[in-house]
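Worksheet: the structure to be examined is printed underneath.
The values are calculated or read from the model by the stated rules, or taken from the named source; none is laboratory data. Bear in mind that the values here come from a model prediction, so they are computed numbers and not experimental data. Ideal geometry is used to build each Cβ from the backbone, glycine not excepted, and the neighbour counts take in all protein chains shown. Calculation scope for accessible area: heavy atoms of the full protein, side chains included, ligands and nucleic acids excluded. Shrake-Rupley method; radii C 1.70, N 1.55, O 1.52, S 1.80 Å.
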Amino acid sequence: MTERSDLLRQIRDELIAATDAPLYAYRTANGYYPVAGMGNHYAKIMFVGEAPGENEAKQGRPFVGAAGRFLDELLNSIQLKREDVYITNIVKDRPPDNRDPSREEIAYYAPFLIRQINIIQPQVIATLGRFSMTWLLTRYNSPYQTKKISELHGKVIPLDVDYGQISLVALYHPAQALYKAADRPIHLADFKALEAFK
Ligand code: URA
């Protein structure tokens, strides 16, 4: 096993054993798994979504439901496969009833995300939705931290992380297109910003 695999496995094991996690009781009462992340440990592009949904929590894998199918379509549109990228979320357990993650939940799970970023060292972090976008821009002290996703989507934003300067590409959450199919072309156009990083 490579060192990266060991370190990422350690994060998954810690999440499984995290009895102090705010969603631990809900997870175990429902027979769910934490969703650590999945994909290429040497990926140039890391996707960071919001939180697992029910399908994800049942399988312990990110984006396996309807939003995930659209994410696959978006990846295919720029000739990328899941195996090329790493996909994770800011919150690692499913919030009840697919509600928005709370401030407390984000604060608890985000340090696991920072460790994943520092292990994989992607050149670009593609945020899916406003929660991971705003949290990462704030964590890395970006001047864009107060901007809305409607202003930043599809843009390449410099981000000074622990291992150097990388880029953040802000994307709408793919589930948004499930509610509003007319917005699919916006998602497809925004994804083009990632082509330079393949
Ligand atoms: N939505 C997310 O934000 N993450 C998933 O893993 C699935 C749906």
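Kindly provide the set of residues from the range 117-133 that are surrounded by fewer than 21 Cβ atoms within 10 Å (Cβ to Cβ) and either modelled with pLDDT under 95 or on the phi < 0 side of the Ramachandran plot (or both), ordered by number.
Listed by number, the residues that qualify are 118, 119, 123, 130.
Conditions: (1) crowded, with 19+ Cβ neighbours inside 10 Å; (2) within 12 Å of the ligand (Cβ to nearest atom); (3) of a type in the set (D, E, K, R). Residue 58 meets all but one. Number of the miss?
Going through (1) crowded, with 19+ Cβ neighbours inside 10 Å; (2) within 12 Å of the ligand (Cβ to nearest atom); (3) of a type in the set (D, E, K, R) one by one, residue 58 breaks only (1).
For residues that are buried (at least 24 other Cβ atoms within 10 Å of the Cβ) and not in a loop (DSSP other than H, G, I, E, B), scanning just the range 46-55, find the one that is nearest to the ligand (Cβ to nearest atom).
Applying the filter and picking the extreme gives 49.
Give me a count of the residues in the range 61-70 that are of a type outside the set (A, V, I, L, M) and either more than 10 Å from the ligand (Cβ to nearest atom) or over 13 Å from the mean Cα position of the chain (by Cα) (or both).
Residues meeting the conditions: 3.
Looking only at residues in the range 71-100 that are assigned to a loop (DSSP other than H, G, I, E, B), open to solvent by 10 Å² or more (accessible area, probe 1.4 Å) and closer than 30 Å to residue 25 by Cα, which one is farthest from the ligand (Cβ to nearest atom)?
My answer is 99.
I need a count of the residues in the range 31-45 that are open to solvent by 70 Å² or more (accessible area, probe 1.4 Å) and touching a residue at least 60 places away in the same chain (Cβ under 8 Å).
So the count comes out to 2.
Quick check: anything in the range 92-100 on the phi > 0 side of the Ramachandran plot and among the charged types (D, E, K, R)?
Within the range 92-100 (the criterion being on the phi > 0 side of the Ramachandran plot and among the charged types (D, E, K, R)), the answer is yes, since at least one residue qualifies.
Identify all residues within the range 150-165 that are open to solvent by 50 Å² or more (accessible area, probe 1.4 Å) and without any contact (Cβ under 8 Å) to a residue 24 or more places away in the chain; write none if there are none.
150, 151, 158, 160, 165
Quick check: is even one residue across the range 106-116 surrounded by fewer than 21 Cβ atoms within 10 Å (Cβ to Cβ), over 26 Å from residue 169 (Cα atoms), at pLDDT 95 or above and more than 14 Å from the ligand (Cβ to nearest atom)?
There is no residue in the range 106-116 that is surrounded by fewer than 21 Cβ atoms within 10 Å (Cβ to Cβ), over 26 Å from residue 169 (Cα atoms), at pLDDT 95 or above and more than 14 Å from the ligand (Cβ to nearest atom).
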